[in-house]
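For reference, the structure discussed in these notes is given below.
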Amino acid sequence: MIDTHSHIYLPKFDEDRAEVNRRAAEAGVKAIFMPAIDFDSLGQMDKLSHSEIDFYKMAGIHPCDVESLPDDFEEQLLGLCSKEDIYGVGETGLDYYWSTDHVEEQKRSLRVHCKVAKEVQKPIIIHNRESTDDVLDILEEEQDGSLTGIWHCFNGTVEEGKRAIGFGFHLGIGGVVTFKNGGVDKTVAQLLLDKMVLETDAPYLSPTPKRGKRNEPAFMKYTAQKLADIFDLSLEEIDIKTTETAKRLFGI
């Protein structure tokens, strides 16, 4: 399995990161993609290593951290994302849940990330919270046929999912699909499995039956099993399909 979205580099894992990685490997996780929160995230990512897991870095600025973007933000982002050891752009996007004080800055940042992603030809990772219409409108406007990426933590409607898939995006399926009253499972059942990838968003959004605990890559097996149940496939088939999709998207 490939965890396409994990913040395993954060301090919340400092005390037991080796054990977390061991459990991930035992659960069948072979690769972990790490989206950045800010430019300082990259240094934290460099401390990740495990004999059975490949770690892949991404560069970007989270939408909740855009109020103090440097003047040369675009230049810095392009420089980082042009490096061979950076496999994706983000995470970026829009978040109107915590605050709407910096909406225009968030939109500008998202468009800059899109521009860089198209220039370096790497997937963009989209964070969306209570901002779906604006996110999809901007992505559709920025799509020139070369923009690819993931709608991280997909929890939209069937129509919104189809719209995102229609202009070239994939859906990141995480712990919310296992929540009993969320309804995401019913939505996912009506969308294309071939456009889905697995993710955890560790340390956040733990799947049932680990809800309320710190999330970690090993818990992705519960999300994968839920997808298997939804599509009436084996866990192995879900593993194969989502792994192939992730590899193709990130070019590994």
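Computed from the coordinates by the stated procedures, all read-outs in this text should not be read as laboratory data. Remember, predicted model here, so these are calculated numbers, not experimental data. Heads up, the Cβs are rebuilt from the backbone with ideal geometry, glycines too, and the neighbour counts pull from every protein chain shown.
Which listed residue (L249, Y222, A164) has the Cα farthest towards the positive end of the charge dipole for the chain, taking +1 on Lys and Arg C-beta and -1 on Asp and Glu C-beta about the Cα centre?
Of L249, Y222, A164, it is Y222.
What's the ranking of 49-59, 216-226 by average number of surrounding C-beta atoms within 10 Å, highest first?
Ranked from most to least packed, the peptides come out as 216-226, 49-59.
Tell me, in nm to one decimal, what length is gained between Y97 and D85 on full extension, where the rule is 0.36 nm per residue of separation less the Cα-Cα distance? Could the numbers behind the result be given before it?
Working: separation 12, 0.36 × 12 = 4.32 nm, distance 3.23 nm.
Between Y97 and D85, full extension yields an extra 1.1 nm.
What does the charge count near H5 come to, summing +1 for each Lys or Arg and -1 for each Asp or Glu among other residues with Cβ under 12 Å from its Cβ?
-4
Taking every DSSP beta bridge that has both residues in the chain, what percent is antiparallel when rounded to the nearest 5? Don't skip to the answer; put the middle values down first.
Values: 1 of 25 bridges.
Close to 5 percent.
Once you have a ≥ b ≥ c as the square roots of the Cα gyration tensor eigenvalues for segment 193-252, tell me rounded if a/c is under 1.5, and otherwise prolate or oblate according to whether a/b is larger than b/c.
The shape class here is oblate.
Separation between the R214 and E236 pseudo-spin-labels, each 7 Å from Cα along Cα→Cβ, expressed in nm?
Distance between label points: 3.4 nm.
For segment 36-43, just list the computed ³J(HN,Hα) in residue order, Karplus coefficients 6.51, -1.76 and 1.60, θ = phi - 60°, integers in Hz, with x standing in for Gly and Pro.
Along segment 36-43, the couplings run 7, 9, 8, 5, 6, 4, 4, x Hz.
For segment 132-174 and segment 1-23, what is the separation of their C-alpha centers, rounded to whole Å?
27
List the pairs from K180/K241; K162/K241; K115/K186; K83/K226; K83/K162 whose alpha-carbon separation is above 27 Å, in the order I gave them.
Beyond 27 Å: K115/K186; K83/K226; K83/K162.
Please give the FRET efficiency for E15 paired with Q225, using the beta carbon to beta carbon distance and R0 = 41 Å, rounded to the nearest 0.05.
0.90
Ranking request for peptides 38-47, 240-249, 168-177: highest mean number of other beta-carbon atoms within 10 Å first, then the rest in descending order.
Packing order, densest peptide first, comes out as 168-177, 240-249, 38-47.
Once Rh for the chain is found with the Kirkwood sum over Cα pairs, what is the Stokes-Einstein diffusion coefficient at 20 °C and 1.002 mPa s, in µm²/s? Please report the intermediate quantities before stating the final value.
Working: Rh = 18.0 Å.
Rounded to a whole number, D works out at 119 µm²/s.
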